[in-house]
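Enquirer: One structure coming up, written as structure tokens, with questions to follow.
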Amino acid sequence: MGLETVFGHSFLTTRLDEAVNWGRKYSFFQYPFVTACCGMEYMSVFASAYDIARFGAEYPRFSPRQADVLFVVGTVNEKLAPVLKRVYDQMCEPKWVVSFGVCATSGGFYDNYATVQGIDKIIPVDIYIPGCPPRPEAVLDALIKLQAKVSKESVLDRKASGGAATGPMAVKAAKYK
Ligand code: SF4
């Protein structure tokens with residue numbers, strides 16, 4: 001009688017998820033894709049008053065291959081969209097995306113032909129942070145929400161999806177390849 005028969009497949013994978021997700025949610029490495037004024041508030045989260053290191057997400061990485069959380073901070077225009085897509089594609093699984101501020105989330109008040117009306121037209125987004133710019137507290141709140149989301153994920157699901165856009169998302173993303 002094998003282990004799987006004794007404990008059941010779901011028991012084994014649930015315990016694996018808990019252990020792996022615990023490690024993942026306390027060791028985020030961010031890639032800051034900073035394009036505009038929101039960057040000032042983003043930087044303040046690293047200072048001692050807010051101290052993002054308390055959440056295990058201290059060091060930004062400036063190579064997408066070394067990062068697992070993509071922070072898109074500021075306005076993204078149509079010319080920059082393929083660059084954002086390329087950066088996202090270069091990140092290894094598992095990876096998550098945070099949209100920082102209204103410009104990244106919806107274009108903000110730049111409702112014009114040159115501005116992407118939300119980065120979720122290019123890449124999948126896990127957490128949206130409202131504000132123009134968002135307060136540092138909102139960034140920490142988003143990080144806690146992302147930790148909660150990661151802790152509920154299944155390692156097997158993440159492997160199966162491969163982070164690729166699917167359905168209508170794939171059609172939108174194809175425009176920026
Ligand atoms: S949301 Fe506001 S602060 Fe952030 S990039 Fe847009 S205009 Fe600037």
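Enquirer: Report the FRET efficiency, 1/(1 + (r/R0)^6), for Arg15 and Glu137, where r is their Cβ-Cβ distance and R0 is 35 Å, rounded to 0.05.
Expert: Working from the Cβ atoms, E equals 0.55.
Enquirer: A further question on this structure: Let's test the formula: R0 of 22 Å, r as the Cβ-Cβ distance of Phe62 and Cys37. What FRET efficiency results, to the nearest 0.05?
Expert: In this case the efficiency is close to 0.65.
Enquirer: In whole Hz, with x marking every Gly and Pro, tabulate ³J(HN,Hα) for the stretch 105-114 from phi via Karplus 6.51 cos²θ - 1.76 cosθ + 1.60, θ = phi - 60°.
Expert: In residue order, the calculated couplings are 6, 9, x, x, 7, 8, 8, 9, 5, 8 Hz.
Enquirer: Report the FRET efficiency, 1/(1 + (r/R0)^6), for Asp126 and Ser48, where r is their Cβ-Cβ distance and R0 is 30 Å, rounded to 0.05.
Expert: My answer for the efficiency is 0.65.
Enquirer: Take the alpha carbon atoms of the stretch 113-158, find their radius of gyration, then divide it by 2.2 N^0.38 Å using N residues; give the quotient.
Expert: In units of the globular-protein estimate, the stretch 113-158 measures up at 1.44.
Enquirer: Please state the equivalent ellipsoid semi-axes for the stretch 27-174: what are the square roots of 5 times the Cα gyration tensor eigenvalues, largest first, in whole Å?
Expert: 22, 21, 13
Bear in mind these aren't lab numbers, they're just calculated from the coordinates by the rules spelled out. Just so it is clear, the model here is predicted, and its values are computed rather than measured. Every residue, glycine as well, gets a Cβ built from its backbone with ideal geometry; the counts of neighbours run over all protein chains shown.
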